[in-house]
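Below: the structure, in structure tokens.
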Amino acid sequence: MSDPSPWAIEAEGLGKKYRGGWALRDCSFRLPAGHICALVGPNGAGKSTFLGTATRLVQPTTGTLKLFGVPVSDPAVLERIAFLAQDKPLYPRFTVAETLRLGRELNPRWDQALAERIVRSGNVPFTARIGTLSGGQRTRVAFALAFGKRPELLLLDEPMSDLDPLARHELSGLLMAEAAEHGTTVLMSSHMLSEMEVMCDYLLVLAEGRLRMAGQTEELIPAHLLVTGVAEGDDGVPEELRRRHTVIEARITGRQFSALIRPGGPVPDGWETLAPSMEEVLLGYLRSPDAPGLIADEARLDGPGKAAA
Amino acid sequence: MTRTSSAGPRAAATAPAGSAPDGPTARRTLLHGLPWLVWRRHRTVLRILLLTTAVGCAAFAYERAGLTDFLHTHGAGPAVHGTLGTDFSNAYGGLFRSGTQLMTSLPVLLGVFLGAPLIAAEQEHGTVKLIGTQSVSRGRWIAATLGLPLAVAVLCTALLSAVFTWLWTPARLLVMDGDWLTSGIFESTGPIPVARTLFLTVCGIALGMLVKRAVPAMAGTFVLALVTSVLWSEQLRDRLGSLRGVSYPYDGNGPDLPPGAVRMDDWVSTAGGRLYGYGTCTTGDTGACRAKLGIVNRVTQYVDYGQMAGMQWLGAGILLALTVLVLACVVWRAHRRPL
């Protein structure tokens, strides 16, 4: 703790093989501390496996993972992270107060006032049993347990997936406020791309167990262009486009093509260009798992690291 | 406590942040950290167990006073003549029957209701993930999760067994007509209840860990308890001690067994000690048949009361060795494999 590493997560060659094959393969990147990072990918892309390795619930087959410079094989990382699993497991027979006591008893850095405040601001009665709470209230208690731990890194596995829009909005607000107040690094997996765009300033995209994209959104998203023009050539996409730029995804509608590209230079005037939204870029990558990935320099293990430190 | 949820928001909104009228009351408790959590999770079963132990010990201790009086006035047996056996059975037969029932069923109940759901329920509800990401290592969690319930179970069964043994010992020649081996007394006294509790609870834990569902694990543990108890009484128990034999003339009086001995088997034998089944030469010309084989004696095999403690410790040792084996597998698996 005396040596605050600037990297919340450093993964090197991380892989996990199950009986059915590799769930996560050759995953190398780093996440600077202080970001709200989205972990995006289709089902089975390895998101939960990655979160499992970061929370010591899954033992990686290959590679290493460090959180704030501490290898995950060291139980000491448990004090610095909090994890909210997708189904938000809590003891259904415990009352809310007992659930908070669980956090207090098992965590040396526990902040009871903070946890109580989160519970109270949702008007969740302390004497209610967890099993009687609504989904939103239950998630709120799980949040209280996670934030009360005072984690430096908060890992969330689809935290909002089972909530109604109102509760989702309320808890997203809570998450952003608490993370901002305590400078917590957040890594959350989600399918809600439009929500991620609002909340997150860092991106990790996984597909088929491999890392496809990593970096700050403000660096990654502007590196792409949506191009539309007159279709030509065999598959409709002009040869020139393929030669000079990296085509992530291309579609033909009628006599028009539209493509998501990473421009390798200036785009000719004949084509119409648009800056894509984060959702459009992500969808493009998710639809084309074979397209070349994009790892920002900052997210590379051999990137300009020591300068930041 | 009686506030309804509709009143909750208003009360919470008006309450100043620090005073927390509905906040969790910081009660002073004995247990902290992981032991508190384990106690809280299993408090119903553990409280019932502690209560049963207290009531059982008190009842046994209370009955012992009357029993001592009875033995003083009527004699401690063995009940070979007169009405001593009937009188004792009328007065204390029920007590010892229910006592042995409690002592023999308690390990099974603990295996089913404490052992089987211990880890299986955590896996079923996903709370393994919750605890696995608090600031406690897997090793400490396993130690507390296994250690506290097993320690309470051992303490309770050891106490009950000690008091029940203390109650039974002076009346041992009268209880169940002096049969301490097959009547349930053997499994209800000395180290055996503790060993059975440990064995069945640990088997329940292991089974639950493999099945990962509480209810099937409980059913499986119950079946396992039945199977092992049949194997125990049919195959293992009689072999724990070596049989002793006493021979007496074929037509004479006997056998003259020491008090407290349990008669196991009867034979007929030649003068040289060669044994034949008890039914040999009982039909046809019995005299000629016996003369031909040279049968002159009857032999009774028995186990002596003096062997009981040794047999119990040997049996308990076997169960404890198996327990350690299964427990090692549980700890190893919990450490190495994600639950």
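The values are calculated or read from the model by the stated rules, or taken from the named source; none is laboratory data. Values in this document were obtained by computation on a predicted structure and should not be read as measured data. Counting neighbours? That spans all protein chains shown, and the Cβs are built from the backbone with ideal geometry, glycine included.
Scanning region B:276-297 finds one or more residues that are among the acidic types (D, E) and farther than 30 Å from B:G190 by Cβ. Looking at region A:111-155 only, could you name the residues that are in a loop (DSSP other than H, G, I, E, B), more than 8 Å from chain B (Cβ to nearest Cβ), out of contact with any Asp or Glu (no Cβ under 6 Å at 6 or more places or on another chain) and closer than 21 Å to A:A180 by Cβ? Of everything in region A:111-155, those that are in a loop (DSSP other than H, G, I, E, B), more than 8 Å from chain B (Cβ to nearest Cβ), out of contact with any Asp or Glu (no Cβ under 6 Å at 6 or more places or on another chain) and closer than 21 Å to A:A180 by Cβ turn out to be A:D111, A:G122, A:P151, A:E152.
Looking across B:L181, B:L174, B:L200, B:L240, one residue alone is more than 29 Å from B:N297 (Cβ to Cβ) and out of contact with any Phe, Trp or Tyr (no Cβ under 6 Å at 6 or more places or on another chain). It is B:L200. Of everything in region B:281-321 that is outside any helix (DSSP H, G or I) and of a type in the set (A, V, I, L, M), the residue that is nearest to B:D266 (Cα to Cα) is B:V299. Of all residues in region A:65-95, exactly one satisfies the criterion of being hydroxyl-bearing (S, T, Y) and within 7 Å of another protein chain (Cβ to nearest Cβ), namely A:Y91. If you check A:R19, A:R30, A:R25 for being basic (K, R) and closer than 20 Å to A:I81 by Cα, only one passes: A:R30.
Return the only residue of B:G241, B:G252 being farther than 23 Å from B:V154 by Cα, in contact with a Gly (Cβ under 8 Å, 6 or more places away or on another chain) and part of a loop (DSSP other than H, G, I, E, B).
Only one candidate qualifies: B:G241.
Summed over region A:163-187, residues that are in a helix (DSSP H, G or I), of a type in the set (A, V, I, L, M) and closer than 25 Å to A:S48 by Cβ total 6. Report yes if A:G215 is surrounded by 13 or more Cβ atoms within 10 Å (Cβ to Cβ), in contact with a helix residue (DSSP H, G or I) (Cβ under 9 Å, 6 or more places away or on another chain) and more than 20 Å from A:M196 (Cα to Cα), otherwise no. In short, no. Among the residues of region B:288-339, those that are among the β-branched types (V, I, T) and touching a residue at least 12 places away in the same chain (Cβ under 8 Å) comprise B:I295, B:V296, B:V299, B:T300, B:V303, B:I318, B:T323, B:V326, B:V330, B:V331. May I ask you to list the residues in region B:258-297 that are closer than 29 Å to B:G184 by Cβ, out of contact with any helix residue (DSSP H, G or I) (no Cβ under 6 Å at 6 or more places or on another chain) and crowded, with 16+ Cβ neighbours inside 10 Å? Result: B:A261, B:V262, B:M264, B:W267. For A:L84, the stated conditions do not hold, so it cannot be described as in the same structural domain as A:C37 (by the TED database) and touching a helix residue (DSSP H, G or I) at 6+ places or on another chain (Cβ under 7 Å). Scanning region A:283-297 for residues that are touching a helix residue (DSSP H, G or I) at 6+ places or on another chain (Cβ under 9 Å) and part of a loop (DSSP other than H, G, I, E, B), we see that the one that is farthest from A:P238 (Cα to Cα) is A:A296.
Regarding A:E98, is this residue farther than 30 Å from A:L301 by Cβ and within 10 Å of chain B (Cβ to nearest Cβ)? Yes; evaluated as a whole, the condition is true for this residue.
Region B:55-159 holds helices (runs of 4 or more DSSP H) entirely within its bounds, and those carrying 3 or more residues that are surrounded by fewer than 21 Cβ atoms within 10 Å (Cβ to Cβ) and among the hydroxyl-bearing types (S, T, Y) map to B:84-110.
Kindly provide the set of residues from region A:177-196 that are more than 14 Å from chain B (Cβ to nearest Cβ), closer than 13 Å to A:C37 by Cβ and either surrounded by fewer than 19 Cβ atoms within 10 Å (Cβ to Cβ) or of a type outside the set (V, I, T) (or both), ordered by number. Hits for region A:177-196 are A:A179, A:M188, A:S189, A:S190, A:M196.
Suppose the filter is surrounded by fewer than 24 Cβ atoms within 10 Å (Cβ to Cβ), at the interface with another protein chain (Cβ under 10 Å from one of its Cβ atoms) and over 29 Å from A:K47 (Cα atoms); does A:N107 pass it? Criteria not met by A:N107. Restricting the search to region A:239-278, which residues are within 12 Å of A:L226 (Cβ to Cβ) and among the acidic types (D, E)? Correct list: A:E249, A:E272. Quickly run through region A:47-64 and pick out the residues that are under 30 Å from A:G136 (Cβ atoms), more than 9 Å from chain B (Cβ to nearest Cβ) and crowded, with 22+ Cβ neighbours inside 10 Å. Selection gives A:K47, A:T49, A:F50, A:L51, A:T53, A:A54.
For the condition at pLDDT 80 or above, in contact with a strand residue (DSSP E or B) (Cβ under 8 Å, 6 or more places away or on another chain) and of a type in the set (S, T, N, Q), what is the one hit in A:T253, A:T273?
Result of the check over A:T253, A:T273: A:T273.
Within region A:89-106, can one find any residue that is closer than 28 Å to A:W7 by Cβ, of a type in the set (V, I, T) and out of contact with any strand residue (DSSP E or B) (no Cβ under 7 Å at 6 or more places or on another chain)?
No, every residue in region A:89-106 fails to be closer than 28 Å to A:W7 by Cβ, of a type in the set (V, I, T) and out of contact with any strand residue (DSSP E or B) (no Cβ under 7 Å at 6 or more places or on another chain).
Mind telling me which of the residues B:A143, B:A121 ends up being closer than 19 Å to B:L198 by Cβ, within 14 Å of chain A (Cβ to nearest Cβ) and out of contact with any Cys (no Cβ under 9 Å at 6 or more places or on another chain)? Among B:A143, B:A121, only B:A143 is closer than 19 Å to B:L198 by Cβ, within 14 Å of chain A (Cβ to nearest Cβ) and out of contact with any Cys (no Cβ under 9 Å at 6 or more places or on another chain). Considering region A:71-110 alone, what residues qualify as being part of a helix (DSSP H, G or I), of a type in the set (D, E) and under 20 Å from B:E124 (Cβ atoms)? Correct list: A:E98 only.
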